[in-house]
Structures are given as C-alpha cells and as structure tokens.
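See below for the structure under consideration.
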Amino acid sequence: MDEAKIREAARLFLEGIGEDPEREGLLETPERIARMCHELFAGYGEDARVHLATRFAAPGGGIVIERDIHFYSVCEHHLLPFFGRAAVAYLPEGEVVGLSKIARTVEVYARRLQLQERLTAQVADAVYNELAARGVLVLTEAEHLCMTMRGVAKPGSTTLSLAVRGEFERDAALRAEALRLLGL
C-alpha cells in the first residue's frame, strides 16, 4: 500500500468536508487512517489458496459445515463498512481442510473493497476449486452501513447472499438439507 497517498488523501478529505487537518484532534488522523487501511484491506496482499493448501485425508465425504464466521468488509460503492456472518458447507472429495482455514479464506476476501455478492462467490469458488470439493454452498448475511446510516436509513436490515457450486447446485434435495442444517 502507498501510505503517503493514503495520508495525503485523508488530508484532502478533511479539507474537503470543511475541517482543518492541522487542528489538534486531527493532526495524527491521516497516519491513523493509513494504519487502518493496512488492517481493513489486508486481503489484497493475501492469496486464499495458501490457506486451503494443507489438507487431511477424510474418507466418508459427508457435508462439512462451518458457520457463524464473523466478517467485516467495506462496500466498494460508498466506502462504508458492512459486517455479518458467513457459513460454508462443502462435500469433501477424500480430503478436508482445517476448520480455521475456512474462516481465514472468508477473511482474505472480506478484507478488500467488496460487494457482498462477490465475497460470497469468491469464497465458494476458492473452496470448490482449491479443495476439488464435490460441492460447495456459501451463505452470507450482513448489515450494510450504507443502508442503515445513510440513504434509506433502515437499521437492522440484513442482506443474504447464497452461492452454490457442484452437487449443491445440481441436487435440490442436497441443497435443501444443507440449508436446513444452517437453520433456513
């Protein structure tokens, strides 16, 4: 990341809204924003495939579900946060991945400027392709501050996004079973 550009942009933003970037409370704000960007957008420097590379033999192949994976992201349209939970269900093909690796995969994609729909699809594609899973279902539910604190201003409203791949896409009964296990 180009910290100098981020600091300059923050200074210009403060001036643009009518603030004085030299005011005592704002003197270090550009530096704080640059540090914040390293955290919020760390996903640009990561490859989700790295997290999914270590796998373990697991005969059987039943549905594996990890849910209530909390995430925070930033809407690319308004640069406001959206946050929520993800659930990832997959049908392994003889191998599984450590459970923390699923959460790390969600985190990689969430830590970028995002659309919830894209985030959901990216996680599904990564798990499906990297694990060579027979099927993947990813469900995200999030509250978008661009909807709750501005515009229509409807706090508490949430958005669901669903992405299905492989057998979950082709087999309606299997998809329904996964959704039932997720409480839907």
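Numbers below:
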| quantity | calculated |
| --- | --- |
| So GLU19, is it on the phi < 0 side of the Ramachandran plot, touching a helix residue (DSSP H, G or I) at 6+ places or on another chain (Cβ under 7 Å) and of a type outside the set (Lys, Arg) | yes |
| Test: ARG134 is closer than 21 Å to LEU113 by Cβ and out of contact with any Ser or Thr (no Cβ under 7 Å at 6 or more places or on another chain) | no |
| Yes/no for VAL74 being among the aliphatic types (A, V, I, L, M), in contact with a Lys or Arg (Cβ under 7 Å, 6 or more places away or on another chain) and assigned to a strand (DSSP E or B) | no |
| Members of segment 29-64 found to be surrounded by 10 or more Cβ atoms within 10 Å (Cβ to Cβ), more than 27 Å from LEU137 (Cβ to Cβ) and not polar (S, T, N, Q), listed by number | PRO30, GLU31, ARG32, ILE33, ALA34, ARG35, MET36, CYS37, HIS38, LEU40, PHE41, GLY45 |
| Counted residues, segment 84-128 - those being part of a helix (DSSP H, G or I), surrounded by 23 or more Cβ atoms within 10 Å (Cβ to Cβ) and over 9 Å from the mean Cα position of the chain (by Cα) | 5 |
| Flag for ARG150 being open to solvent by 30 Å² or more (accessible area, probe 1.4 Å), modelled with pLDDT of 95 or more and over 11 Å from ALA86 (Cβ atoms) | no |
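The values are calculated or read from the model by the stated rules, or taken from the named source; none is laboratory data. Since the structure is predicted, the reported quantities are computational estimates derived from the model, not experimental observations. Methodologically, a virtual Cβ is constructed for each residue, glycine included, from the backbone with ideal geometry; neighbour enumeration extends over all protein chains shown. SASA here: full protein model, heavy atoms, side chains in, ligands and nucleic acids out. Shrake-Rupley method; radii C 1.70, N 1.55, O 1.52, S 1.80 Å.
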